[in-house]
Each structure stands twice: as C-alpha cells, then as structure tokens.
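Quick notes on the structure that follows.
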Amino acid sequence: MSQEPTVTIAIPMYNEEKYISSTIESAINQSYKNIKIIISDNCSTDKSFDIASDYADKYKNIELVRQKQTIGIIENFKYPLSITNSKYFMWLGAHDIISKGYIEDAVNVLESTQTNVLVYPGGVTIDENGNLLNEIIDDYDTTGLNLEQRLLRIAKNFNNGYVIHGVLKTEVVKKIPFENVFGTDFLA
C-alpha cells in the first residue's frame with residue numbers, strides 16, 4: 001500500500017495568543033495523519049510564540065519558525081510555502097480552526113482527478129465560544145471552465161477571502177505571483 005501524500009498546513013502567525021491553541025489543536029487532530037505543520041511567527045509581541053513553542057516541543061510534525069524581524073503579512077504567508085516540498089499545501093489562519101475531516105475530504109477530491117488544483121470545502125463563522133454565527137456560502141466551482149471563465153466565475157462570486165484556506169496542489173500554488181494586491185489567492 002502506498003503512503004498517503006503529505007499535506008503541509010502553514011500557519012502564519014502574529015499576536016494570536018487568544019486563538020493559537022485552538023488553531024493548532026484543529027490541525028493536529030485531523031483524521032488525515034500525513035500532515036506537516038509549519039508555523040511562521042512574524043515577531044509576535046504577545047505569548048503566541050511561547051504557546052506554539054510548547055506544541056512544537058510536543059509534536060514532531062510541527063516546525064516553528066520565528067522570523068528575525070517583522071516581514072509583513074504577504075512575506076509571512078510566502079515563507080512556509082517556500083520551504084515545503086509536500087504534494088499538498090494549505091494556509092490556516094492563526095485564529096481559525098478546521099473540522100476533523102477537512103484535510104481528508106480535500107485530499108480525497110484532489111486525488112480523484114488530475115484537473116483539480118484547489119479544494120475548498122467551505123466554512124462557518126463562529127464566536128469566541130465556538131457558537132455558530134453563520135455558514136459561508138460560496139460558488140467557486142470552476143470545473144470544466146477555461147481560464148477566462150474561471151476568472152470570471154471567481155470575480156462574480158467573490159464575497160470573502162476564505163477560499164485561501166483551501167487545500168492546494170503545492171506545485172501549482174508555488175507558481176502564483178504573490179504581490180501586494182487584493183486577492184492574490186485567486187490567481188491560482
């Protein structure tokens with residue numbers, strides 16, 4: 001039996017001490033087990049780094065990097081991508097959580113066809129106590145569309161930036177020309 005492909009979960013972090021434990025817990029408690037977690041701390045001034053450090057000491061699949069100086073949001077998102085070589089990749093906001101089957105479901109879809117490059121299972125917003133606020137309804141399915149049609153579908157249906165937290169083919173996301181522009185994640 002072949003080994004499951006590795007999925008890297010990148011957590012760019014800056015001053016998220018209130019949420020980072022829940023975020024890391026949701027990443028390490030996935031039903032899919034071949035996961036590497038890279039946490040890139042952008043010089044947090046609160047206890048975020050210390051909390052993440054405790055997890056990195058406990059779990060061998062967590063790599064924690066503290067940037068030497070503040071590098072900005074875009075660079076802090078790019079850094080984990082630049083050091084990964086996994087088949088699949090996702091960004092997880094340091095104040096977000098994912099459901100237990102999130103990665104497994106996404107990988108199953110990605111492995112079932114060669115044409116999909118991003119799987120975004122959708123999401124919900126919750127309050128600080130975990131209570132459901134609302135469900136996020138998106139229509140980003142571009143299956144069977146050409147490049148122009150895909151871009152138009154995304155532009156017409158863009159109402160939030162949550163799609164950036166989908167699971168992507170690493171080889172494709174590494175080709176995205178990240179710049180300081182709105183919606184860089186939609187360039188895939």
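The values are calculated or read from the model by the stated rules, or taken from the named source; none is laboratory data. This is a predicted model, so every value here is computed, not measured. Here the Cβ positions follow ideal geometry from the backbone for every residue, glycine too, while neighbour counts run over all protein chains shown. Note: accessible area is taken over every heavy atom of the protein model, side chains too, but ligands, DNA and RNA are not part of it. Shrake-Rupley method; radii C 1.70, N 1.55, O 1.52, S 1.80 Å.
Key figures for this structure:
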item	result
Positions within the range 1-23 being of a type in the set (A, V, I, L, M) and either under 19 Å from Lys78 (Cα atoms) or more than 15 Å from the chain's Cα centre (by Cα) (or both), in sequence order	Met1, Val7, Ile9, Ala10, Ile11, Met13
Leading residue by the ranking (surrounded by the most Cβ atoms within 10 Å (Cβ to Cβ)) among those in the range 1-42 that are hydroxyl-bearing (Ser, Thr, Tyr) and under 21 Å from Glu104 (Cα atoms)	Thr23
Members of the range 79-91 found to be out of contact with any Pro (no Cβ under 9 Å at 6 or more places or on another chain) and buried (at least 18 other Cβ atoms within 10 Å of the Cβ), listed by number	Leu81, Thr84, Met90
The one condition in (1) at pLDDT 90 or above; (2) not in a helix (DSSP H, G or I) that Glu75 fails to fulfil	(2)
Hits in the range 43-53 - residues which are part of a helix (DSSP H, G or I), open to solvent by less than 70 Å² (accessible area, probe 1.4 Å) and not polar (S, T, N, Q)	Phe49, Ile51, Ala52
Residue in the range 54-73 that is in contact (Cβ under 8 Å) with a residue 60 or more places away in the chain, of a type in the set (Phe, Trp, Tyr) and crowded, with 18+ Cβ neighbours inside 10 Å present	no
Residues within the range 131-182 that are of a type in the set (Phe, Trp, Tyr), assigned to a loop (DSSP other than H, G, I, E, B) and either at pLDDT 75 or above or surrounded by 10 or more Cβ atoms within 10 Å (Cβ to Cβ) (or both), tallied	3
Test: Ile98 is assigned to a loop (DSSP other than H, G, I, E, B), at pLDDT below 95, of a type in the set (A, V, I, L, M) and under 30 Å from Leu132 (Cα atoms)	yes
Pairs, first over 24 Å from Ser82 (Cβ atoms) in the range 12-27, second acidic (Asp, Glu) and surrounded by fewer than 17 Cβ atoms within 10 Å (Cβ to Cβ), C-beta under 6 Å, six or more apart	Glu17/Asp46
